[in-house]
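Structure first, then comments.
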Amino acid sequence: MPYANKEHEEFHEKLKQTLYTLYGKNEVEELNDLTMYMWRGSSVVHITASTYGKEDKPMAEIWCKVTVGTPLTDALAKYLIVENSKLNFGAFSFYPYDDDPSKGNVVFELNFPGFALSEEYLEHMIGMVSWTGDEYDDQIAQRFGGRTMEQVVSSNTEPTDKSEDEVWE
């Protein structure tokens, strides 16, 4: 496994076990060695055991794709900046596609240091990310373009842009 150090490895195991305790093994899927995911409402919430700083201290990254294939416009950028100013925790980001930077994914994400991990805190942070994804996905897709994750999954067709299927870490 790609751990930065022993503390990172121990945090990943604790994070995974905490997710299983809260949601059960049937609800939590593993995307790769460090990232787990689960459906919450219309959002696919990803939880990654990562690190930060020179000492590679463990942290949790919790995020969801709000929309995929969304055109990058001045109006979208301004909208995300204004909405970010209203949020207490987390932020919206735009991740452009490598092959077409004029389109990409709108993501909502938040991070917290590993030492803060508890069942109550993790459950609350996952709830915030999923609520934000649910609250904004349809609004952003309708106003600026792109598709929600629910639309991508329910379309039962190949994505129109293969970049929608990127692995996110």
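Name the single residue, out of those in segment 119-137 being charged (D, E, K, R) and touching a helix residue (DSSP H, G or I) at 6+ places or on another chain (Cβ under 9 Å), that is surrounded by the most Cβ atoms within 10 Å (Cβ to Cβ). Per the stated criteria, the residue is Asp137. For segment 76-95, taking the residues that are in contact (Cβ under 8 Å) with a residue 24 or more places away in the chain and part of a helix (DSSP H, G or I), the one that is nearest to Gln142 (Cα to Cα) is identified as Leu76. One residue stands out in segment 96-109 among those that are of a type outside the set (Asp, Glu) and outside any loop (DSSP other than H, G, I, E, B): the one that is farthest from Phe11 (Cα to Cα), namely Lys103. Kindly indicate the residue of segment 110-122 that is without any contact (Cβ under 8 Å) to a residue 60 or more places away in the chain and part of a helix (DSSP H, G or I) and also nearest to Cys64 (Cα to Cα) among those meeting that condition. That would be Tyr121. Tyr3 falls short on exactly one of the conditions (1) out of contact with any Phe, Trp or Tyr (no Cβ under 7 Å at 6 or more places or on another chain); (2) without any contact (Cβ under 8 Å) to a residue 40 or more places away in the chain; (3) under 27 Å from Thr148 (Cβ atoms); (4) not basic (Lys, Arg), and that condition is (3).
Restricting the first member to segment 96-109 and to residues that are on the phi > 0 side of the Ramachandran plot and open to solvent by less than 50 Å² (accessible area, probe 1.4 Å), and the second to residues that are outside any loop (DSSP other than H, G, I, E, B) and β-branched (Val, Ile, Thr), no beta-carbon pair is closer than 6 Å while six or more apart or on different chains.
When segment 84-95 is filtered for residues that are open to solvent by less than 50 Å² (accessible area, probe 1.4 Å) and of a type in the set (Ser, Thr, Tyr), only Ser93 remains. Scanning segment 62-74 for any residue that is on the phi < 0 side of the Ramachandran plot, at pLDDT 95 or above, open to solvent by 80 Å² or more (accessible area, probe 1.4 Å) and touching a strand residue (DSSP E or B) at 6+ places or on another chain (Cβ under 7 Å) turns up at least one such residue.
Kindly evaluate Tyr37 against the criterion of being hydroxyl-bearing (Ser, Thr, Tyr), open to solvent by 60 Å² or more (accessible area, probe 1.4 Å) and in contact with a Leu (Cβ under 6 Å, 6 or more places away or on another chain).
Values: hydroxyl-bearing (Ser, Thr, Tyr): yes; open to solvent by 60 Å² or more (accessible area, probe 1.4 Å): yes; in contact with a Leu (Cβ under 6 Å, 6 or more places away or on another chain): yes.
Answer is yes for this residue.
The values are calculated or read from the model by the stated rules, or taken from the named source; none is laboratory data. These figures come from a predicted structure and were not determined experimentally. Methodologically, a virtual Cβ is constructed for each residue, glycine included, from the backbone with ideal geometry; neighbour enumeration extends over all protein chains shown. Calculation scope for accessible area: heavy atoms of the full protein, side chains included, ligands and nucleic acids excluded. Shrake-Rupley method; radii C 1.70, N 1.55, O 1.52, S 1.80 Å.
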